[in-house]
Structure formats: C-alpha cells, structure tokens
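Novice: Handing you this structure, nothing more for now.
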C-alpha cells in the first residue's frame, strides 16, 4: 500500500500521544502454551526502545487491549504508564483525548486488524505495521517496514521524532550520556 510520505511527516509533526493495539502490533500474534497451559507471548526489545525514545522526547505512549496480564508486565518493564482497557477502542480514545487534553488530531493510533479501524479513522495519524490486513493498510497514513512483534515501534518512534526535529538531539544525548 502506497502512502504519501509528505502527508505522513506533516501528521507525525503534530503527534503528542501514540496509542498502540498490542496483539499483532507489539507481538507477532503468535501465542504459545506450555504443557501446563501457561500462555506465553514474545515482545521485541526494539519496541521498548522505541517507546522509551518517544517518552524521553515528551510523547505519551499508551497500550490498548481488552485484558492481558502479560501487557501489564511489559508496560511496567518498559515504563509505559498508560495501559487502556477497552472493547470499544473509539470510545476509549475519545475518553483519553479528554482526560489528557490532547486532541484526536494530535494522536497516533497503531492497529493491524479490522477491529482497530474505527479508532484509526478518528486520529490525526493512523499507522499500520507491515503485517496489517489490507483494509487497515488502506486507511493508514503510514505503514511501517517492520511487522508487529519485530520492532515496528522503534521504526515509528524514529519517524515521529525525525518529523518533530527531536531525533538528532536524542541521538546526541543517548550516545553521550545513555538514558540518564
């Protein structure tokens, strides 16, 4: 799916919050079970790095899912403070917009499946990972080269921060002083 890079950069400039679906976006969608029935899902290190880059530069990051203890653990590990529980993602986005005082046009929503499309149509910057279904990619302002669970948030974070002229100062700071 082709998207307009100039339009995507203009939209990315305005982003104050990135809200991500989890399964298929921050995971590959693969679910593993142990012999005892314990559920496992894998997250990519680069996604955590991307989240931290965004947060260090003042962009809020939130995860949206129906329910998942694994998501709570991952969010805590990465330092993501906002885990949103929602069956109706559009209604939850409106609530978050009002709670944070961030306009929907200043939000980015990342989704991969048709259930995400309503929320994606509401925001100023809709993004799909490379593995997003065709209908989702069709309405996206940007489609990452990386698939869900393969570090797509690292790629997206850099894209947004470059658009906002915050990337090079972050590189300079992190490369000389680390995260501190």
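Novice: Report, by residue number, each residue of segment 104-122 that is without any contact (Cβ under 8 Å) to a residue 60 or more places away in the chain and within 21 Å of residue 159 (Cα to Cα).
Specialist: Across segment 104-122, the qualifying residues are 104, 120, 121, 122.
Novice: Please find, among 106, 113, 135, the residue that is farther than 16 Å from residue 15 by Cα and touching a strand residue (DSSP E or B) at 6+ places or on another chain (Cβ under 9 Å).
Specialist: Details: 106 fails: farther than 16 Å from residue 15 by Cα; 135 fails: touching a strand residue (DSSP E or B) at 6+ places or on another chain (Cβ under 9 Å).
Answer to the check: 113.
Novice: Has segment 22-29 got at least one residue that is farther than 30 Å from residue 175 by Cα, more than 17 Å from the chain's Cα centre (by Cα), in a loop (DSSP other than H, G, I, E, B) and touching a residue at least 24 places away in the same chain (Cβ under 8 Å)?
Specialist: So far as segment 22-29 goes, no, none of its residues is farther than 30 Å from residue 175 by Cα, more than 17 Å from the chain's Cα centre (by Cα), in a loop (DSSP other than H, G, I, E, B) and touching a residue at least 24 places away in the same chain (Cβ under 8 Å).
Novice: Please report, ordered by residue number, the strands (runs of 3 or more DSSP E) entirely within segment 35-145 with at least 2 residues that are under 28 Å from residue 175 (Cβ atoms). Before you say what the answer is, go through the steps one by one.
Specialist: Working: elements: 60-65, 82-85, 107-110, 125-128.
Filter on segment 35-145 gives 60-65, 107-110, 125-128.
Novice: Given the structure, is residue 111 closer than 26 Å to residue 40 by Cα and touching a helix residue (DSSP H, G or I) at 6+ places or on another chain (Cβ under 6 Å)?
Specialist: Working: closer than 26 Å to residue 40 by Cα: yes; touching a helix residue (DSSP H, G or I) at 6+ places or on another chain (Cβ under 6 Å): yes.
Yes; evaluated as a whole, the condition is true for this residue.
Novice: Please work out which residue is nearest to residue 29 (Cα to Cα), limiting yourself to segment 150-180 and to residues that are part of a loop (DSSP other than H, G, I, E, B) and modelled with pLDDT under 95. Before the answer, list the steps.
Specialist: In the first step, residues of segment 150-180 are kept if they are part of a loop (DSSP other than H, G, I, E, B); the result is 150-151, 164-166, 178-180.
Remaining after also requiring modelled with pLDDT under 95: 178-180.
Values: 178: 32, 179: 30, 180: 33 Å.
Per the criteria, the residue is 179.
Novice: Which of the residues spanning segment 124-141 are buried (at least 24 other Cβ atoms within 10 Å of the Cβ) and over 20 Å from residue 50 (Cα atoms)?
Specialist: 136
Novice: Here is a further query. Looking at residue 100, is it farther than 19 Å from residue 52 by Cβ and at pLDDT 95 or above? Please lay out each step first, then the result.
Specialist: On the way: farther than 19 Å from residue 52 by Cβ: yes; at pLDDT 95 or above: yes.
Spelling it out, residue 100 is indeed farther than 19 Å from residue 52 by Cβ and at pLDDT 95 or above.
Novice: Quick test of your reading of the structure: residue 6 fulfils all but one of (1) exposed (fewer than 13 other Cβ atoms within 10 Å of the Cβ); (2) in contact (Cβ under 8 Å) with a residue 12 or more places away in the chain; (3) under 17 Å from residue 127 (Cβ atoms). Name the failing condition by number.
Specialist: (2)
The values are calculated or read from the model by the stated rules, or taken from the named source; none is laboratory data. Nothing here was measured: the structure is a model prediction, and the numbers come from that model. Please note: Cβ atoms are built from the backbone with ideal geometry, for glycine as well, and neighbour counts cover all protein chains shown.
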